[in-house]
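Written out below as structure tokens is the structure these notes cover.
The values are calculated or read from the model by the stated rules, or taken from the named source; none is laboratory data. Quick caveat, the model's predicted, so the values are computed rather than measured. Counting neighbours? That spans all protein chains shown, and the Cβs are built from the backbone with ideal geometry, glycine included.
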Amino acid sequence: MPNKQELFEPVPHITRTRPYAVHESFFSPHAAPALYLHWHPEMEFLYMAEGCLELVIEDRKLPLRPGEAVFIPPNLLHTARCAGEEGGCFRALVFSADFLAGAMDAGQIARCLAPVLEHNRDYICVLSHGKPWERDILACLDVIFRTAEEEAPEKELAVCGLTLLLWQRLYAGHIAAIQGAHAKNRLERQLEPTLRYIRDHFASDMTLAALAQTAHLSPRQFCRSFKQLTGDTPFGYIRRFRVMQSCMRLAHSDAKIGTIASECGFNSISYFNREFLSIMAMTPSAYRQGQRQGDSFAAPPVPPPAL
């Protein structure tokens, strides 16, 4: 297989006055391939007008049926083959990141555009009619393709405006969700040592400075990141984790409640009773009695710490 640079598509998609290109391609059932293997620095929406394709983007295979489209981020190898008994037709809108960047300020570029350029594979997206934002994008593409056929001098302005609207829909429905998942994954990796530390030392006294140090963050940054990941403050999380541990001991041991409270990091039985009641909506003794009578109680609402 040739190296990627040899598969670069030299066909110019944009000009200085027109930052987009619209293509229409027909393929037969015997075409091999229906779309040759290539890549380009522009991003693309490929829309199936007729027939079915099996689109391959890098290492992903995506079936594409009539009325569906796929978003292909920049710099990704892609090809396609006919996936039906008959041929068909697909249309493509190709445009540059520079065009989008020209309509954004620095903050919007960082939030709405840069992630797609930096992590292009993650943002591949098949668009069907299942969700409102997908339907909006497909409707925009339909208007763009019809507008591109017109001879009116203002058509390029209309296509540019519709492309910006299309990107807004893609950001709201797809890009922002992927960004959120990336941010959560980063937080999980960063705070994994903290959660492990809490698991291993939950019965000991902890300071905010020591907890923040496990994540190499300032106390203020640590509190913000911890709340974003867990939905709770660090010490609220620790109290819930301690109560969770006490629940297991209450259910599976005959130790005195005061002993369990001490083993789980509570320095007084009155403090333990108060926290247990607040989280479990019952006293420790009532919880133990219910467990031994076979009652089912919900576990404390605390996410499990990472291992």
Original post:
Restricting the first residue to segment 53-76 and requiring it to be touching a residue at least 12 places away in the same chain (Cβ under 8 Å), which pairs with a second residue that is acidic (Asp, Glu) and surrounded by fewer than 18 Cβ atoms within 10 Å (Cβ to Cβ) meet a Cβ separation below 8 Å and a spacing of at least six or different chains?
Top reply: Leu62/Glu54; Pro63/Glu54; Leu64/Glu54; Pro66/Glu50; Leu76/Glu58
Original post:
Filter segment 42-91 for residues that are more than 18 Å from Tyr20 (Cβ to Cβ) and among the β-branched types (Val, Ile, Thr); which is farthest from the chain's Cα centre (by Cα)?
Top reply: Thr79
Original post:
Has segment 174-194 got any residue that is under 30 Å from Ser268 (Cα atoms), more than 20 Å from the chain's Cα centre (by Cα) and not assigned by TED's automatic domain parsing to the domain that holds Pro19?
Top reply: yes
**OP:** May I ask you to say which residue of Pro29, Pro10, Pro33 is assigned to a loop (DSSP other than H, G, I, E, B), in contact with a Ser or Thr (Cβ under 8 Å, 6 or more places away or on another chain) and either farther than 25 Å from Asp136 by Cα or β-branched (Val, Ile, Thr) (or both)?
**Re:** Pro33
**OP:** Would you mention how many residues in segment 27-39 are within 25 Å of Leu170 (Cβ to Cβ), out of contact with any helix residue (DSSP H, G or I) (no Cβ under 9 Å at 6 or more places or on another chain) and surrounded by fewer than 21 Cβ atoms within 10 Å (Cβ to Cβ)?
**Re:** 1
Subject >> Among residues of segment 45-70, those that are outside any loop (DSSP other than H, G, I, E, B), touching a strand residue (DSSP E or B) at 6+ places or on another chain (Cβ under 7 Å) and surrounded by fewer than 20 Cβ atoms within 10 Å (Cβ to Cβ), counted >> reply: 7
Original post:
If you check Ala172, Ala210, which single one turns out to be in a helix (DSSP H, G or I), over 30 Å from Glu44 (Cα atoms), of a type in the set (A, V, I, L, M, F, W, C) and touching a helix residue (DSSP H, G or I) at 6+ places or on another chain (Cβ under 9 Å)?
Top reply: Ala210
